[in-house]
Amino acid sequence: MANPSPRRTSHPGSRIMSVASYRPRTEVGNETVAALIDSSDEWIRRRCGIESRRHAAPDESLVMMGAAAASKALASAGIDPLDVSAVLVATMSHRGRATTVAPLVADALGATAAAAMDLGAACAGFPYALATADALVRSGAAGYVVVVGAERMTDIIDDHDRGTAFLFGDGAGAVVVGPAQTCEIGPVVWGADGSHSEVLRYDETGILRMAGPEVFRWATSVVPDVAKRALDAAGMSASDLAAFIPHQANLRITSVAAKALELGPHVQVATDIVTNGNTGAASIPQAMAALPDTSGPALLVGFGAGLSYAAQVVTLP
Ligand code: UT7
């Protein structure tokens, strides 16, 4: 190999340096959604805990929202966009398949030296991307990595579908990952079960269709199991946690998991879904950003279409 580029050095660990969120301007209450699906505010609150969600306006594209969250995260970490070596965007709602979102986000950030790629693991996408960023930084393949979760779920939801229209919302969240002397992003526990992919799938027109009760049953069994394995992998117990931040799929799934983990009252349990809905791959970083006064170890668990899941313990910035 002629004149190989000098390799970056590897690092003992990586850490989340900052977190930020972008919430679309338009707040949509349950009454508005319920009117289209013969539902009610009371039913929606009882079945999933949601009171309102955000819907993106035409100018609030995936790229715009992802770049807005990432830009805030970079500013808060004090990192120049020119020093970013990779931008990873987790999304399941990008409909313009001719291109990917990450290069456009990198361009909007001015991260002109960065590698950029999308990562498709649906609502598990953020912990998948975070594990990838951690590996890139520790190996020395990347210095600073921007990890974004961004969704315009309203682009892939049928607003007359009783099973999904009330559940999903739009938005973006982002973190900056950089080198550390210790492992502040713990070992990932991840996996997938494609044999049940039909319960959460795109139809022939690209609209997301969900067998809700089946997904609910799967989620309430897989989340506590994966969460416990991620704690074991990090050498921690639930009592060591400062926060539990699962994918904001349904408040009832969060409650079942929190109970199974026997979380003490000192553990902040993310409930961002109440005013943000289920924002797919964006929900974990958005929920993390909504806990600004919490520091210490947090357990993240993503799960969704694939079926895919991933969990890790991280130190909150
Ligand atoms: O983010 C990716 C992963 N996704 C998830 O984890 C979501 C998992 N699934 C869920 O969260 C829940 O299945 C939903 C919140 C989507 C639905 O709640 P559910 O308790 O599973 O409702 P269901 O589909 O079992 O329906 C219960 C009842 C039925 O009536 P009967 O048969 O008991 O008389 C439905 O016809 O509620 C009725 N129903 C509705 N009523 C008002 C179903 N959808 C609605 C609706 N409004 N939108």
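The values are calculated or read from the model by the stated rules, or taken from the named source; none is laboratory data. Note that the coordinates shown come from a computational prediction; the quantities given were computed from them, not determined experimentally. Note that we place each Cβ from the backbone using ideal geometry, even for glycine, and neighbour counts take in every protein chain shown.
Numbers below:
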| read-out | value |
| --- | --- |
| Residue within the range 261-272 that is of a type outside the set (Gly, Ala, Ser) and within 14 Å of the ligand (Cβ to nearest atom) present | yes |
| Filter result for Leu74 (on the phi < 0 side of the Ramachandran plot, in a helix (DSSP H, G or I), in contact (Cβ under 8 Å) with a residue 12 or more places away in the chain and surrounded by 20 or more Cβ atoms within 10 Å (Cβ to Cβ)) | yes |
| Residue that is away from the ligand (no atom under 16 Å from the Cβ) and surrounded by fewer than 24 Cβ atoms within 10 Å (Cβ to Cβ), where the choices are Gly66, Gly110, Gly163, Gly120 | Gly110 |
| Pair list, Cβ under 6 Å, 6 or more apart: the range 218-243 residue closer than 14 Å to Ser308 by Cα and in the same structural domain as Gly304 (by TED's automatic domain parsing), other residue assigned to a helix (DSSP H, G or I) and modelled with pLDDT of 95 or more | Ala219/Ile253; Thr220/Ile253; Thr220/Val256; Val223/Ala257 |
| Counted residues, the range 212-250 - those being aliphatic (A, V, I, L, M), buried (at least 19 other Cβ atoms within 10 Å of the Cβ) and either in contact with a Gly (Cβ under 6 Å, 6 or more places away or on another chain) or over 18 Å from Val313 (Cβ atoms) (or both) | 4 |
| Residue within the range 248-255 that is more than 16 Å from the ligand (Cβ to nearest atom), modelled with pLDDT of 95 or more, in a helix (DSSP H, G or I) and among the polar types (S, T, N, Q) present | no |
| Single residue of Gly191, Gly125, Gly163 found to be part of a strand (DSSP E or B) and among the small types (Gly, Ala, Ser) | Gly191 |
| Odd one out for Ile79, checked against (1) part of a loop (DSSP other than H, G, I, E, B); (2) within 16 Å of the ligand (Cβ to nearest atom) | (2) |
| Residue match in the range 95-112 (condition: under 19 Å from the mean Cα position of the chain (by Cα) and assigned to a strand (DSSP E or B)) | no |
| In the range 278-317, the residues that are surrounded by 24 or more Cβ atoms within 10 Å (Cβ to Cβ) and part of a helix (DSSP H, G or I) | Gly280, Ala281, Ala282, Ser283, Ile284, Pro285, Gln286, Ala287, Met288 |
